[in-house]
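Okay, structure first, notes after.
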Amino acid sequence: ATPAMRAPMDDPAQVKLFVFTVQSLLKPETKAGRKTHKFQEGLGQAFYAHLQGLADLVVFADEHHAYYGAAFSKAIRDLRPRVLLGLTATPHKQTPPDQIIYRYPLAAAIADHLVKTPVLVGRKDDRSDPRTKLLDGLRLLDLKERTIARWLATEGAAAGAAPITPIMLVIAPTIAEAEEIEGILADPDFADGRYADAVLTVHSNAPDEALAQLDKLEDPDNPYRVVVSVGMLKEGWDVKSVYVIASLRASVSEILTEQTLGRGLRLPFGRYTGIELLDTLEVLGHERYEDLLKKAGALNEAFIDHRTRAILRRNAAGELVPVTETTPVALPLAPATEGAPDDPGVEAAVRGAGATVASLEDQTTKGEAQLAGLQSQLAPRPDLPPLRVPKLKMSNIRSDFSLADIIDFQPFRRLGESIAADPSGSLRRTTLGARIVTGPDGQRQTELLPNRAIDRVASPASPVPLAATRQRLIDHVLAAEFVPARANQIRPAAEIVDHFLRGLGDQAATILSSFETRAEGRLLDLLNAEQRQVAANPSYDNVVELVDFAKTRPGRAETSADRYGPFKKGIGYEGYRKSLYAQDWFDSSTERDVANLLEDEDGITLWVRLQTGDLPILWTDGREYNPDFAAVDADGSHWLIEVKMDKEMTSADVQAKRAAARRWANHVSADPAVATPWRYLLAAEADVKTAKGSWPALQALATR
C-alpha cells in the first residue's frame, strides 16, 4: 500500500512474494484479517480481492496439517490459487494419498545420515525412580559434552566446527510433574548442585522470559543444560544441540509416536562426525533394556516407511503425465550390543543407519571408550608412498558437454560388432536416383530413389596399419562440432575409439582400410546421439591440483589385530601393512572382507578406508557421495571402491552415485595433470563372497 510498490504490483512480468500468517488472511471480523480485507486505494480493491483476481497465484502453506480447520481452509481455498502446495512433516490423516507429491520420511533421513541416529536406552536393573532417570540422562549428556570438547580440540577444529553446548530435553505430561522435575534438578544435593541454575522450564504458564530463552539455546554462552517441557515443543522448535531426550513417565514408543523424537534429530555440525557418540540421539523412557529388546518388532514401525515423489513422464502418445514413484525404506531396529536375548521379537543386528537399542551401562562404556580414543590421533603412515588425490572443480550447474561424461561404452562396442558381422552391408554406399511422378492432385513432382551402390570396394592387398587408422578416428572424434576443444578430451576420445575397435575384432584393420570414411561417420553419428542423451548432471571441470592425502583422524580406543575373526563394528583393526593408517574401522563384515582382500593381494600396493569428507564427489542437488575405499594397483591405476548390500544395488540413489563416480573418474583421468588413470568399482556382498579374496575376480564380478 505504498506508491513505490504500485509499479511492481501492476507489472505482470515481475514476481511478487507475499509472506503472511494465515490469520492475517481470515475474514475481516478478526483483528488480524482487517488489513488484507480493507479497501486499498492504490489497488482499487482490498488486497485479499487482488490476490483472488490473480490467474497465476501460487500458495505455499507451511505446516499444512493445520489447514484442515474450517477457518484456515476457507481463507486459503477462497483465494482460488492456481497451485496450492502444502508443506508439513506430519501430513493430516485426511490427506488423500494421491495428493502427496513428495514424501521424505524420517527413516530415509536416518539412512542418508541427514539427522542423528536414535539410540533407545534402558537400564539393566529395575530402578526407575525420577532421580535415577534424570541422573542417567545427565550421565550421557556429560559424556557427550566432554567428547564434543575433545573433538573440537582435534579434528573438529580442523574442520571449522563451531562450539556447542549439548542439551537434555525432559518431557513432562503435566505442569505439576514439570515443577517436580525442576525441584529435583535444583536440589543442591542432586549431582553436587551442578544443574541447580541450568534448568529452563517451559509450559503454558511459564513467564515470557522463559519462552524468550528458547531462541538462545544454541548461543555459545547459553547457561542451560536441561529443558523441561510440557507439550509445547512438538512442532516448530528444533535445537541442533539436543542430544538426550528423557521422559520419566512415557514409554519410548510414546516418545517416538508423539513426534517428540524430531526435536532432537538435527545435526549440530551439519554432517556426521564419524564419532558415534556425537552422531546419535539418546532416548530414555521408563522401560528396562530387556523390555525394549522384546518390543523391537513394535518399535520398528517408527522406522519402516516409504519415500514418494511425483515425476513427469511421456506416455505412448508423447504427452507429459504425472506418475507417482514409491520406494520402501526399512531400517530394522537392532541391538547395539552383542549377547542380545534369543527372542523371536528381537530383530537381528543389521548393517546400516537404523535406530539401535542399548543398555545405559553399555552405552556409557562405549562412550567412554570413544572419548579415550580421541586422545590418540592417526596420521598417514610415513613408511608408505603418498596417495596423490586430485581436487576436481565441481559445481551444481552443468555448463557444457565433455567426452568424459560418457560412461557406458557398450553402444560403441556393439556398433563395431554389427559392422564386423557384415561390413559391406553395414557400410554399403548408397546412390540416389530420381523419377518424375504424378501426384493425386495431378501435379508432377520429383521422387528420390535410394539404390544400393553397384560398386564394391575391395580390400587392398596391404591393409593400412591399425595404429594409424586408430589415430585418425581419434582425431575425427576430437574435431566433432559438439566436442570441446580441450586437452582433457584426448584420453576419453581414445577410450571410445578403442571400444569401437574391440567390437570390430581381428578384422578391424581390413574393414577400416576399405570403409574408414563410412565407419567414421557411423561412429560420429552414435557419439552425437549419446551426447544428446547425457542427462543434466553436476559439472566437473579441470583438476585444480594434486595433493597428498594427509588427513589426521582420531584413533579408536578398542582395537583388534584379529582381522579374520568375528566382526565387530566400530573397533579399530590393526596389523595392515598396505593401509595408509595404523587402524581401520568398518561398518560391516563385507567392508572388512574387502580390506583383507586388498591387503592380501600382491597386485595392490596401497589402500585406504575413506571416511566422510575424505574424497567427496558431487552427485545431485548439492549432495556429496563418499566412496568406501581408495586403492592403488601395481600398474599405478587408482581405484575407488564402494561396497553395498545386494538388495541396494538396483536402487536409484546407488546407481546415480555410481554414475557420478564414473564421470568423476573419467574427468580426472582425462586431465593432463593426472598421470595415472582412476577407475570406479561397485561391489555387491555376493561379489565379494564369490571373489574369495581375489582382486582380479572382484574386478570381473563387480560393476564398473
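Computed values, structure above
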read-out	value
Most to least accessible of ILE76, ILE100 (protein chains only, probe 1.4 Å)	ILE100, ILE76
Sequence of TYR564, TYR104 when ordered by accessible area, the most exposed leading, probe 1.4 angstrom	TYR564, TYR104
Spin-label model distance (nm) - ALA485 vs ARG194, 7 Å beyond Cα toward Cβ	7.0 nm
Simple label model, 7 Å out from Cα along Cβ direction - LYS689 to THR90, nm	4.2 nm
Packing rank of 406-418, 357-369, where each peptide gets the mean count of other beta carbons within 10 Å, highest leading	357-369, 406-418
Sequence ranges 135-146, 80-91, ranked by mean other-Cβ count within 10 angstrom, highest first	135-146, 80-91
Heavy-atom accessible area ranking, 1.4 Å probe, most first, across ARG381, ARG131, ARG249	ARG249, ARG131, ARG381
MET5/LEU211 FRET efficiency (R0 30 Å; Cβ-Cβ; nearest 0.05)	0.30
The stretch 665-704 versus the stretch 98-150: alpha-carbon centroid distance in Å	38 Å
Sorted peptide list for 36-43, 115-122, 652-659, criterion being average Cβ within 10 angstrom, highest first	115-122, 652-659, 36-43
Alpha-carbon centroid distance for the pair the stretch 163-199 / the stretch 602-664, whole angstrom	46 Å
Projected label distance in nm at GLU325 and ARG313, using a 7 Å step from Cα toward the beta-carbon	0.9 nm
Selection from GLY122, LEU415, ALA379 lying farthest towards where the dipole of the chain points positive, charges on Cβ	LEU415
Fraction of beta bridges assigned by DSSP in the chain that are antiparallel (%, nearest 5)	50 percent
Accessible solvent surface per residue of the chain, calculated while the other protein chains remain in place, 1.4 angstrom probe, Å²	50 Å²
Accessible area (Å², 1.4 Å probe, nearest 10) - GLU179	100 Å²
222 nm mean residue ellipticity, helices alone, for the chain (DSSP H n ≥ 4; -39,500 (n - 2.57); rounded to 500)	-9500 deg cm²/dmol
Cβ-placed point charges (K, R +1; D, E -1), dipole of the chain about Cα centre in debye, nearest 20	2520 debye
Relative pair counts by distance (%), Cα atoms of the chain, 10 Å bins	2, 11, 17, 19, 18, 14, 9, 5, 2, 1, 0, 0
Percent RCO, i.e. relative contact order, over the stretch 632-704, from Cα pairs under 8 Å lying at least 6 residues apart	36 percent
Calculated FRET value between VAL19 and HIS50, using beta carbons and R₀ = 22 Å, to 0.05	0.90
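The values are calculated or read from the model by the stated rules, or taken from the named source; none is laboratory data. What you are looking at is a predicted structure, and each value in this text was computed from that prediction instead of being measured. Cβ coordinates were reconstructed from backbone atoms using ideal geometry, including for glycine residues, and neighbour counts include every protein chain displayed. When the accessible area is computed, the model is the full protein with side chains, heavy atoms only, and any ligands, DNA or RNA have been set aside. Shrake-Rupley method; radii C 1.70, N 1.55, O 1.52, S 1.80 Å.
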